[in-house]
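Written below as structure tokens is the structure these notes are about.
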Amino acid sequence: MDRILDVTLATSELPRGGLLLVGVCEGEAPDITALPEWAAPLVQSLAERPGWKGREGQWAEADSGREDVAHVALRGLGKRDALHVRKLAKWLSETASVASLHGVGTLALALPAHELTTGESGAAYAARNLALSRYRYDEYQARPEEPDSLVSVHLLLAGAGEAEARAVADAMEVARGAMTTRDLANAPPNVATPEWMAEHASRMAEELGLEVEVLVTEDLERLGMGGILAVGGGSKNPPRLVRLGWRGGAGSSEPTPMPRVALVGKGVTFDTGGISIKPAKDMDEMKWDKSGACTVLGLMQAIARLKLPLHVDAYLPLAENMPGGGSYRPGDIVRAHNGKTIEVLNTDAEGRIILADALSWAAESKPDYIVEYSTLTGACVVALGSTGAGLYTPSDELATGLLRAADEAGERLWRMPLWPEFKEALKGSHADLRNVAGRWGGANTAAAFLSHFVGDVQRWAHLDIAGPAYIGGEEGDRGATGFGVALTIQWLRSLQAS
């Protein structure tokens with residue numbers, strides 16, 4: 001069974017069977033503008049029941065007396081002014097779960113008019129979150145859970161038309177891209193080695209018509225990719241560097257040249273910390289240190305399936321950071337692809353070292369934009385928590401575009417500083433740079449380190465996704481989130497429109 005719900009914008013006639021559920025803000029009458037004529041009086045009657053307030057999660061249900069849609073229900077959204085993107089996402093997920101527990105196969109869901117639920121962005125946000133609400137990763141369970149009864153959701157949104165219907169259809173491809181990101185990031189490290197990730201990227205390229213190039217050890221040596229070779233040197237699983245290319249609109253006559261974008265994703269398939277080994281507690285979560293590369297792979301899938309008219313190249317540095325006889329050491333000096341030397345003070349600051357090679361390679365083609373994704377620092381999680389990613393860029397134009405796209409997509413970015421002091425703090429004693437610069441401002445100095453490897457590209461951005469890329473801990477729903485796919489597609493669409 002597909003692990004993604006099929007979500008469409010409902011027409012005037014609802015599908016037979018299932019449940020019609022109406023979301024209602026606390027203290028408000030139900031919004032009946034998008035409902036079929038027969039349903040409006042029944043919904044109003046439910047809202048008049050004693051005790052109904054529309055409190056968050058409150059439920060009221062009645063038989064419809066019809067053969068096509070058997071039941072009608074109300075579910076409270078809580079106070080309108082307290083509704084935000086995270087709360088709405090949780091409510092949508094819980095609603096799908098409740099419907100599934102009731103044995104519902106088809107859900108018709110009406111949402112009230114609200115800034116989060118109206119227009120193309122509102123329709124896309126609701127569709128994407130519903131589509132992913134029943135996701136689970138059970139690839140390696142001997143007895144997977146029984147499939148959910150709920151297989152499809154039909155959205156009823158006030159004032160929605162053809163534009164919103166297209167937004168919902170596109171949101172399904174974005175959700176599928178995010179699901180691919182989740183699947184790859186959740187894959188265990190004994191399976192998801194650098195070679196396995198590269199093979200997956202190659203299969204994706206063949207299926208979607210992408211260009212593909214995979215650099216193995218000999219290629220990395222020839223091209224002077226000393227950072228990736230150093231980080232991957234202690235593992236029996238050799239490193240890889242993958243480039244994927246999408247040439248949207250190739251062969252057509254475009255009135256203006258299409259923007260050229262490079263996407264770069266950190267792919268440390270497992271991070272022990274190397275010689276500077278991590279504590280044992282929570283080290284299992286370091287299978288998610290490849291989340292940046294997984295985000296970029298999910299993005300390339302969505303870009304190809306949406307056929308975005310852009311030129312996009314993706315760069316995936318893939319390495320496993322292990323202690324061993326071939327491991328790089330504190331005190332080593334390695335040379336990156338652009339010729340700059342790096343003095344290694346801590347082998348657990350490895351992500352920036354493999355990104356040095358990938359960013360240098362990406363910058364050589366002189367793209368209009370470089371956007372890079374990485375679970376780079378715990379310091380960024382300390383600063384922002386798990387609800388958003390740190391955004392670093394010297395370009396106000398790029399910052400504005402990404403922040404707007406994140407807001408429209410319902411994901412969170414917060415712009416962080418790239419002050420010159422952070423760059424100065426990275427000067428090496430015996431090399432051009434050192435890979436860490438002390439305890440304070442660690443997320444900022446990590447971003448400043450990356451700035452040495454973007455060449456002449458002025459519009460570049462680093463997204464530190466260490467907080468929102470996955471849910472860790474010992475209890476609850478652990479796993480990758482697919483963060484970054486939706487906001488980036490939204491940003492790429494804005495480039496397409498400009």
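One table, with the values for the structure above:
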{"item": "Single condition SER276 does not satisfy, out of (1) closer than 18 Å to ALA304 by Cβ; (2) open to solvent by 30 Å² or more (accessible area, probe 1.4 Å); (3) at pLDDT 95 or above", "result": "(1)"}
{"item": "Lone unmet requirement of (1) modelled with pLDDT under 90; (2) part of a strand (DSSP E or B) for SER12", "result": "(2)"}
{"item": "Selection status of THR341, touching a residue at least 12 places away in the same chain (Cβ under 8 Å) and in contact with an Asp or Glu (Cβ under 6 Å, 6 or more places away or on another chain)", "result": "yes"}
{"item": "Residue that is nearest to GLY122 (Cα to Cα), among those in the range 371-413 that are part of a strand (DSSP E or B) and out of contact with any His (no Cβ under 9 Å at 6 or more places or on another chain)", "result": "LEU413"}
{"item": "From ALA62, ALA108, ALA123, residue being over 22 Å from ALA165 (Cα atoms) and not aromatic (Phe, Trp, Tyr)", "result": "ALA62"}
{"item": "Some residue of the range 55-65 being over 24 Å from LEU150 (Cα atoms) and either assigned to a loop (DSSP other than H, G, I, E, B) or in contact with a helix residue (DSSP H, G or I) (Cβ under 6 Å, 6 or more places away or on another chain) (or both)", "result": "yes"}
{"item": "Answer residue from the range 32-54, given it is open to solvent by less than 40 Å² (accessible area, probe 1.4 Å) and part of a loop (DSSP other than H, G, I, E, B) and is nearest to ASP81 (Cα to Cα) among those", "result": "GLY54"}
{"item": "Hits in the range 329-348 (condition: surrounded by fewer than 24 Cβ atoms within 10 Å (Cβ to Cβ) and under 27 Å from ASN190 (Cα atoms))", "result": "ARG329, PRO330, ASN346, ASP348"}
{"item": "Failed criterion for ILE465 (all others in (1) open to solvent by less than 30 Å² (accessible area, probe 1.4 Å); (2) over 13 Å from LEU391 (Cβ atoms); (3) under 22 Å from the mean Cα position of the chain (by Cα) hold)", "result": "(2)"}
{"item": "Residue match in the range 76-85 (condition: closer than 26 Å to TYR135 by Cα, in contact (Cβ under 8 Å) with a residue 40 or more places away in the chain, in a helix (DSSP H, G or I) and in contact with a Lys or Arg (Cβ under 9 Å, 6 or more places away or on another chain))", "result": "yes"}
{"item": "Criterion: modelled with pLDDT of 95 or more, crowded, with 22+ Cβ neighbours inside 10 Å and more than 19 Å from MET286 (Cβ to Cβ) - qualifying residue of ALA201, ALA192, ALA187, ALA230", "result": "ALA201"}
{"item": "Lone unmet requirement of (1) over 18 Å from VAL485 (Cα atoms); (2) assigned to a loop (DSSP other than H, G, I, E, B) for VAL153", "result": "(2)"}
{"item": "Matching option when the condition is part of a loop (DSSP other than H, G, I, E, B) and among the polar types (S, T, N, Q), among GLN458, GLN490", "result": "GLN458"}
{"item": "Selected residue [buried (at least 18 other Cβ atoms within 10 Å of the Cβ) and either out of contact with any Pro (no Cβ under 7 Å at 6 or more places or on another chain) or within 19 Å of ALA158 (Cα to Cα) (or both)] from SER133, SER97, SER93", "result": "SER133"}
{"item": "Where ASP2 falls short, out of the listed (1) at pLDDT below 95; (2) part of a strand (DSSP E or B); (3) under 35 Å from the mean Cα position of the chain (by Cα)", "result": "(2)"}
{"item": "Boolean, ASN435 is touching a helix residue (DSSP H, G or I) at 6+ places or on another chain (Cβ under 9 Å), open to solvent by less than 10 Å² (accessible area, probe 1.4 Å), polar (S, T, N, Q) and more than 30 Å from ARG247 (Cβ to Cβ)", "result": "yes"}
{"item": "Some residue of the range 283-301 being open to solvent by 40 Å² or more (accessible area, probe 1.4 Å) and in contact with an Asp or Glu (Cβ under 7 Å, 6 or more places away or on another chain)", "result": "no"}
{"item": "Yes/no for GLY326 being farther than 21 Å from ALA437 by Cα and either modelled with pLDDT of 95 or more or among the hydrophobic types (A, V, I, L, M, F, W, C) (or both)", "result": "yes"}
{"item": "Count of residues meeting criterion [at pLDDT below 95 and among the small types (Gly, Ala, Ser)] in the range 233-261", "result": "6"}
{"item": "Close pairs from the range 88-112: first more than 20 Å from ALA34 (Cα to Cα) and free of Cβ contacts under 8 Å to residues at least 60 places away in the same chain, partner open to solvent by 20 Å² or more (accessible area, probe 1.4 Å) and assigned to a helix (DSSP H, G or I), Cβ under 7 Å, at least 6 apart", "result": "SER93/ASN129"}
{"item": "Tabulated pairs, the range 230-242, first assigned to a strand (DSSP E or B), second of a type outside the set (A, V, I, L, M, F, W, C) and surrounded by 21 or more Cβ atoms within 10 Å (Cβ to Cβ), C-beta under 6 angstrom, 6+ apart or interchain", "result": "ARG240/PRO194; LEU241/PRO317"}
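Condition check ((1) in contact (Cβ under 8 Å) with a residue 12 or more places away in the chain; (2) over 22 Å from ALA178 (Cα atoms); (3) outside any loop (DSSP other than H, G, I, E, B)) across all residues:
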{"site": "PRO257", "(1), (2), (3)": "no, yes, no"}
{"site": "LYS281", "(1), (2), (3)": "no, yes, no"}
{"site": "LEU299", "(1), (2), (3)": "yes, no, yes"}
{"site": "ILE353", "(1), (2), (3)": "yes, yes, yes"}
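The values are calculated or read from the model by the stated rules, or taken from the named source; none is laboratory data. Treat the numbers as computed from the prediction; the structure is a model and nothing was measured. In this analysis, Cβ positions are derived from the backbone assuming ideal geometry, glycine residues included, and neighbour counts consider all displayed protein chains. Heads up: the accessible areas ignore ligands, DNA and RNA and are worked out on the full protein's heavy atoms, side chains in. Shrake-Rupley method; radii C 1.70, N 1.55, O 1.52, S 1.80 Å.
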